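Let me begin by presenting the structure, written as structure tokens, before commenting on it.
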Amino acid sequence: MTAVGTSTTPTPVDVVVIGGGIAGASAAWALAERASVVLVEQAPTAGYHATGRSASVLSETSGHSLVCALAAASRAFFEAPPDDFVGHPLLSPRGLLWVGQECDVDALDHLAARAQTVAPTVRRLTPAATLELVPHFRPAAVAGGATFEPDAMAIDTDALLQGYLRGLRRRGGHVFTSTTAIELSRWAAGWTVVCEGRVFQAPVVVDAAGAWGDVVATSAGVAPLGLEPRRRTACLAVLAGVDPTWPLVMDVAGRYYAEPESGGLLVSPADESPSEPCDAQAEELDVALALDRLGEATTLPLRSVRRAWAGLRTFSPDGAPVVGEDPDAPGFFWLVGQAGAGIKTAPAMAALLAALVRGESLPQALADRSVSAADLSPARLR
């Protein structure tokens, strides 16, 4: 591979990955096993936007059915990553408790029935059993009982991201931050990617730009998919004596969610406010809404907030992730639309993307879960 430096002379590589969040980092790592790869990220650090603002849980009950399957297919990687990937476990016990009011019984029943097809240990709980797990909840807030996923695990997001980035560099890849892909153009053998002070030529470009996915595509002359970024707000509420063994609690109707975090309780109103691609910031109204909703559901004395933040979760038009080559742009691969589930699905999605780029068959872990390449292909949205 030609030395990569600051130059307007095109540097030939096999793959240019655009976007340094968990999607781009995992894909670049997977591809670099057999190819020369550069990763470009417009922010000052990799994982600056959605990835760096996520407290992710490996759950097989939350999200689109394809997301649940991708998460299940990713579990083996999280439980036993490569020997040189990270120096400590990526997972720690958490559990996920879906709760609901009396009017939510049908939703909880449906969730439990669906979840048990991919996560057999999921079980339905009565209101009384629910209150044994979360005694600070008011009876009305859990009158519908709960659906409990005991094997949901907290993911060390930063360790996962840094493991991918270290591994990418170890495999000979390069990471460029504060570097925007200004222009992409098609030529006979692939793509020219013009960045500030650098130009790359590659047969394959991977659009893993999250909320900016359609922006990158448009700059390449590729029709956008209609991606929709939505803001999600969270805050750390000051609360003494939080039991660190509490599960993540999610209201099945999307009213709120909460989980223990060092120094307090992480709380969110589970908002999905449409947004332009941007450096999302928490709004005071959404923070207040989070505290109000949890205050109505529990007896916890939530009075102050230590910090608040927001990130963008990006959805495809049908809610499922998009992985694969654009049918109208050879060599242009999409890896977008994870809808906030990019961390827990990263291993499976990266393996799938690498297989598609190489022209290989579907990874067995996905085939075993009846996921096809067509299910995730951008062709379904054209």
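The values are calculated or read from the model by the stated rules, or taken from the named source; none is laboratory data. In this text the structure is predicted, and so the values were computed from the model without any measurement. Every residue, glycine as well, gets a Cβ built from its backbone with ideal geometry; the counts of neighbours run over all protein chains shown.
For segment 180-204, a tally of residues being touching a strand residue (DSSP E or B) at 6+ places or on another chain (Cβ under 6 Å), surrounded by 15 or more Cβ atoms within 10 Å (Cβ to Cβ) and among the hydroxyl-bearing types (S, T, Y) returns 1. L302 satisfies every condition listed in (1) surrounded by fewer than 19 Cβ atoms within 10 Å (Cβ to Cβ); (2) at pLDDT below 95 except (1). For L165, the conditions (1) in contact with a strand residue (DSSP E or B) (Cβ under 9 Å, 6 or more places away or on another chain); (2) under 21 Å from F77 (Cα atoms); (3) not assigned by TED's automatic domain parsing to the domain that holds Y48 all hold with the exception of (3).
Conditions tested, residue by residue: (1) surrounded by 23 or more Cβ atoms within 10 Å (Cβ to Cβ); (2) not charged (D, E, K, R).
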position: A23; (1), (2): yes, yes
position: A28; (1), (2): yes, yes
position: E33; (1), (2): no, no
position: V38; (1), (2): yes, yes
position: P44; (1), (2): no, yes
position: G47; (1), (2): yes, yes
position: A50; (1), (2): yes, yes
position: L70; (1), (2): yes, yes
position: A76; (1), (2): no, yes
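Mind listing just one residue for me: the one in segment 138-160 that is part of a strand (DSSP E or B) and out of contact with any helix residue (DSSP H, G or I) (no Cβ under 6 Å at 6 or more places or on another chain) and, of those, nearest to G21 (Cα to Cα)? This residue is I155. When we screen S268, S275 for residues that are of a type outside the set (D, E), touching a residue at least 24 places away in the same chain (Cβ under 8 Å) and in contact with a helix residue (DSSP H, G or I) (Cβ under 6 Å, 6 or more places away or on another chain), the only hit is S268. Of all the listed residues (S273, S268), the sole one being hydroxyl-bearing (S, T, Y), surrounded by fewer than 18 Cβ atoms within 10 Å (Cβ to Cβ) and in the same structural domain as G144 (by TED's automatic domain parsing) is S273.
The residues listed here are A297, A234, A310, A240; of these, the one that is surrounded by fewer than 18 Cβ atoms within 10 Å (Cβ to Cβ) and either without any contact (Cβ under 8 Å) to a residue 12 or more places away in the chain or not basic (K, R) (or both) is A240. Taking S377, is it in the same structural domain as A30 (by TED's automatic domain parsing), buried (at least 17 other Cβ atoms within 10 Å of the Cβ), farther than 22 Å from M153 by Cα and over 15 Å from the mean Cα position of the chain (by Cα)? So S377 passes the test. Restrict the check to segment 6-17 and report whether at least one residue is closer than 28 Å to P244 by Cα and β-branched (V, I, T). So far as segment 6-17 goes, no, none of its residues is closer than 28 Å to P244 by Cα and β-branched (V, I, T). For residues that are surrounded by fewer than 21 Cβ atoms within 10 Å (Cβ to Cβ) and touching a helix residue (DSSP H, G or I) at 6+ places or on another chain (Cβ under 6 Å), tally how many sit in segment 325-350. Number satisfying all stated conditions: 1. Listed by first and then second residue, the pairs linking a residue in segment 115-128 that is closer than 9 Å to F148 by Cβ to a residue that is surrounded by 19 or more Cβ atoms within 10 Å (Cβ to Cβ) and β-branched (V, I, T), with Cβ atoms under 8 Å apart and 6 or more places separating them unless they lie on different chains, are V122/T61; V122/T147; R123/T147; R124/T147; L125/T147. Filtered by the rule that a residue be within 15 Å of W246 (Cβ to Cβ) and in contact (Cβ under 8 Å) with a residue 60 or more places away in the chain, segment 129-140 gives L133, V134, H136, F137. Just one of the numbered conditions (1) modelled with pLDDT of 95 or more; (2) assigned to a loop (DSSP other than H, G, I, E, B); (3) buried (at least 16 other Cβ atoms within 10 Å of the Cβ) is not true of C278: (3).
With respect to G359, is the statement that it is at pLDDT 95 or above, closer than 19 Å to E33 by Cβ, surrounded by fewer than 23 Cβ atoms within 10 Å (Cβ to Cβ) and not β-branched (V, I, T) true?
Criteria met by G359.
Checking the stated criteria, H49 turns out to be in contact with a Leu (Cβ under 9 Å, 6 or more places away or on another chain) and farther than 16 Å from A154 by Cα.
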